[in-house]
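To keep things clear, I will list the structure first and then write my remarks on it.
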Amino acid sequence: MTADEIYAKSELDDDLVKEARAWRESNGAECDGYVKALLCGKPQKLRKASAIAKLAAVLAALPATYANYLKRGIPDEIFFDTFRDIAVWCENGYKQYGEKGLRNVKWLARHVSMRLFRLGRLQFEFSRFVVIPNAGLTNILKCPYRLGEKCIAVHIPQGEKLDYARVLDSFEQADAFFQKYYPEYRYRAYNVVTWLLNPELEEVLGKESNIVRFGKLFTLLGRAPDNDMNERRIFGYGKDRASYAPRNALQAYTLNRINAGLPLWSYNGYRPRGAEVNRK
């Protein structure tokens with residue numbers, strides 16, 4: 001598959017691709033160095049690069065990553081589902097900073113280096129088991145997993161309804177995916193850090209809410225404040241707080257906490273690999 005075909009199927013803006021490719025043509029050696037760094041999962045080299053340069057490097061790396069997918073036998077569908085994230089983060093960066101290109105190259109380096117894959121509704125990443133600093137001691141003592149042991153981190157891409165059935169399908173896909181394509185990677189659990197595990201949301205949204213049902217798939221460990229990220233996730237990127245007009249119970253709850261000076265928590269939780277699912 002050619003680079004042009006890869007870019008087209010990744011749902012990228014044509015003009016933005018042209019601008020990024022023009023930068024690469026004028027800065028070939030520099031871009032090649034960036035590509036090598038990204039393929040190794042080391043985006044630090046791009047820290048001072050412009051957003052267009054970062055996008056150019058990610059695009060230039062895609063054919064090599066695609067070839068690595070083919071070597072593993074990973075289907076094209078997973079490749080393109082995974083790399084549609086480029087368009088998402090280009091849009092987020094533009095909304096937040098008014099700058100064309102890709103600012104969050106640290107995140108996309110995980111995709112390029114094949115550390116992260118989108119499988120259905122969720123993303124899954126090779127990782128180490130995390131217990132956030134102020135997790136409850138009781139929960140830590142009951143946790144059957146060791147801090148730092150191999151695990152799969154779970155991420156929730158923005159922009160789509162968190163349909164419960166699709167979430168369950170994603171976990172089943174992940175169990176099968178890592179067993180088939182990475183049998184050498186032995187892990188026992190999925191680990192997540194997200195505001196979606198907030199137990200107070202059952203009172204706000206009701207027990208049948210997709211968000212609440214998602215949260216109950218995990219055992220809680222603890223929580224930590226992450227106001228900036230959680231506010232953007234709930235209200236969107238590039239919005240001024242003064243313009244917030246809650247459109248639902250979740251946004252009203254969140255704005256009340258902001259106005260009261262209360263933290264927006266991110267919660268840490270885990271789920272055993274191969275855990276049974278309740279589809280009711």
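Working out 0.36 nm times the residue gap between residue 72 and residue 48, then minus their Cα-Cα distance, what length gain in nm do you get to one decimal? Before the final figure, lay out the partial values.
On the way: separation 24, 0.36 × 24 = 8.64 nm, distance 3.29 nm.
Computed gain between residue 72 and residue 48 is 5.4 nm.
Which value at 222 nm does the chain reach when only helices count, each DSSP H run of 4 or more adding -39,500 (n - 2.57), with the total divided by all residues and rounded to the nearest 500 deg cm²/dmol?
Working: 13 runs with 138 residues, N = 280.
The helix contribution divided over the chain gives -15000 deg cm²/dmol.
Using the Cα gyration tensor of the chain, with a ≥ b ≥ c the square roots of its eigenvalues, what is the shape: rounded (a/c below 1.5), prolate (a/b larger than b/c) or oblate (neither)? It would help to have the intermediate numbers written out before the result.
On the way: a/c = 1.89, a/b = 1.32, b/c = 1.43.
Cα axes put the chain in the oblate bin.
Could you pull out the chymotrypsin sites (Phe, Trp or Tyr not before Pro) across region 147-210 that fall in loop regions by DSSP (anything but H, G, I, E, B) with no more than 13 other Cβ atoms inside 10 Å? Don't skip to the end; give the middle numbers.
Values: sites: 164, 171, 177, 178, 181, 185, 187, 190, 195; in loops: 185, 187.
The qualifying sites are 185.
Would you mind getting the accessible area per residue of the chain, heavy atoms of the protein chains only, 1.4 Å probe, in Å²?
Details: 14380 Å² over 280 residues.
Here the per-residue accessible area is 51 Å².
Would you kindly calculate the translational diffusion coefficient of region 84-147, applying Stokes-Einstein with the Kirkwood radius from alpha carbon pairs, for 20 °C and a viscosity of 1.002 mPa s, and quote it in µm² s⁻¹ without decimals?
Values: Rh = 14.5 Å.
Answer from the Stokes-Einstein relation: 148 µm²/s.
Once a ≥ b ≥ c are taken as the square roots of the eigenvalues of the Cα gyration tensor of region 1-83, is the result rounded (a/c under 1.5), prolate (a/b larger than b/c) or oblate (a/b not larger than b/c)?
On the way: a/c = 2.05, a/b = 1.33, b/c = 1.54.
Since a/c reaches 1.5 but b/c is at least a/b, the shape of region 1-83 is classed as oblate.
Using a 1.4 angstrom probe on heavy atoms only, work out the carbon and sulfur share of the accessible area of the chain in %.
Working: 7060 of 14380 Å².
Whole-percent figure for carbon plus sulfur exposure: 49.
How much space per residue, in cubic angstrom, does the convex hull of the C-alpha atoms of region 1-159 take up? Let's see the in-between values first.
Numbers: hull volume 22.6 nm³, N = 159.
In region 1-159, the Cα hull volume divided by residue count equals 142 Å³.
If you bin the C-alpha pair distances of region 226-280 every 10 Å from 0, what whole percents do you get?
19, 43, 18, 18, 2
Tell me, in nm to one decimal, what length is gained between residue 275 and residue 203 on full extension, where the rule is 0.36 nm per residue of separation less the Cα-Cα distance?
Full extension of this stretch gives 23.3 nm more.
The values are calculated or read from the model by the stated rules, or taken from the named source; none is laboratory data. Not measured: the values here are computed from a predicted model. Cβ coordinates were reconstructed from backbone atoms using ideal geometry, including for glycine residues, and neighbour counts include every protein chain displayed. Please note that ligands, DNA and RNA were not included when accessible areas were found on the heavy atoms of the full protein model with its side chains. Shrake-Rupley method; radii C 1.70, N 1.55, O 1.52, S 1.80 Å.
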